[in-house]
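The values are calculated or read from the model by the stated rules, or taken from the named source; none is laboratory data. Owing to the predicted nature of the structure, the values given are computational and were not obtained by experimental measurement. All Cβ positions, glycine included, derive from the backbone under ideal geometry; neighbour counts span all protein chains shown. Remember, those area values only see protein heavy atoms, side chains included, never the ligands or the DNA or RNA. Shrake-Rupley method; radii C 1.70, N 1.55, O 1.52, S 1.80 Å.
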Amino acid sequence: MERELAKATPALEAGTQLPYPLAKQMVAELGLAPEADRLAAGGSARSEAGASSGRDPELAALMRYAQTQLMIEMCRVNPGFALSFGASVGLFGGNVRSRGTPEQIARWVPPVLRGDKIGAWCLTEPGAGSDALGSMTTTARRDGDDYVLNGEKTFITNAPYADYFLVYAKDESGSVQAFVVERGSEGLGTSKPFAKMGMKSSPTGAVYLQDVRVPADHLLGGGIRDRDHVRKSLATERIGLAVMSYGIAERCFDIALDYAKSRVQGGQPIASYQMIQQRLARMYVALSNARRIVYDESDLSVLDACAGKLYVAEVGTFVALEAIHILGGNGYMEEYAVERLARDAKLVEIGGGTTEIQILTIARHILSGS
């Protein structure tokens, strides 16, 4: 990450370079898509290693650790790059892989895993943010062998450049279903990248659907009967976002600690002053607690996923802002990266369900005993 991603970050942040070629290079060099060929040939969505991990707790823990560490290392350098990669491989690829038919998995997952194609996960709408399901207005009407989609999605990661879109819409029964829509489909449009406060390395935009006709075999899984499938997908997203925040916080703490040791004022390093020590100590306590959440080896429930996302997202912003304070005027400058990481950190408190939504969901689960 420091060899390749760090040197590309200024261009990624300026929008003069897109993240996708570098992500493809990363996948190839690190061997991150070993199952792509098997899936393309119609193999099971669950790898032999994955099947073994179900019987071998140590292997399962190692696989989770590897995935977590990869995301942390990306986020230490460039959280926006990690966001774009995670939305394509995780939110699009992961959902198709876990809920799609064998034919859908073979067709759409391998190109995304390799980085040959870019995926986007399309849930949020202009009038349906926190109430994404209840206020959803995007519709899917059955017409012979096709479905006709109409609606608009916004704040969609990768939307301006994605090849595949996993679009959530309400069918005629009111059930929320997911449909794979390919770029080039008649009636499908996307916006230019939005101008944002942070996560600038990750292109974000809107998706427009006007009488977009998709074959019935593009309906994810042939139709998902699990009413909570979207909420379960959101829980997976929230776990990933918590890991992102931890990576941001870890890097900001390291920068602040090094700076406090080397910056001399009044004839001594500022780390010798108790007020700076207090900030560093509180930063470390928050980081230490967050570490125990993101490296949890158990399968987290929806409740714990929301709790983890709520806490670690706030830690990310807290530690980043404290780092700026310790660096003083330098913290406000691009040279030390903490100002960029602070802007990136704030998104995690909003995306994937705001702080308020996490609190409401946690309260509902603990009061119902579920």
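Things worth noting here:
- Summary of the geometry: segment 173-248 and segment 19-38, compared by the centres of their Cα atoms, lie 21 Å apart.
- Taking all Cα pairs closer than 8 Å and separated by 6 or more residues, the relative contact order of segment 195-290 comes to 18 percent.
- Cα gyration tensor shape for the chain, rounded if a/c is under 1.5, else prolate or oblate: prolate
- Relative to one another, the C-alpha centroids of segment 113-136 and segment 342-370 are positioned 17 Å apart.
- For the chain, the solvent-accessible area with a 1.4 angstrom probe is 47 square angstrom per residue.
- Segment Thr101-Ile350, length gained on full extension (0.36 nm per residue, minus Cα span): 86.4 nm
- The label-point distance for Phe194 and Ser301, in a model that sets each label 7 Å from Cα toward Cβ, rounds to 3.3 nm.
- When the trypsin sites (Lys or Arg not before Pro) in segment 195-275 are filtered for DSSP coil states and for at most 10 other beta-carbon atoms within 10 Å of their beta-carbon, the remaining sites are Arg225, Arg227.
- The chain - percent of accessible surface contributed by carbon and sulfur, probe 1.4 Å: 53 percent
- 3J(HN,Hα) from dihedral phi, segment 165-177, Karplus parametrisation 6.51/-1.76/1.60, rounded to Hz, x for glycine, proline: 10, 9, 9, 9, 8, 8, 7, 5, 8, x, 6, 8, 10
- Length added when fully stretched, Ile366-Leu62, from 0.36 nm per residue minus Cα-Cα: 106.4 nm
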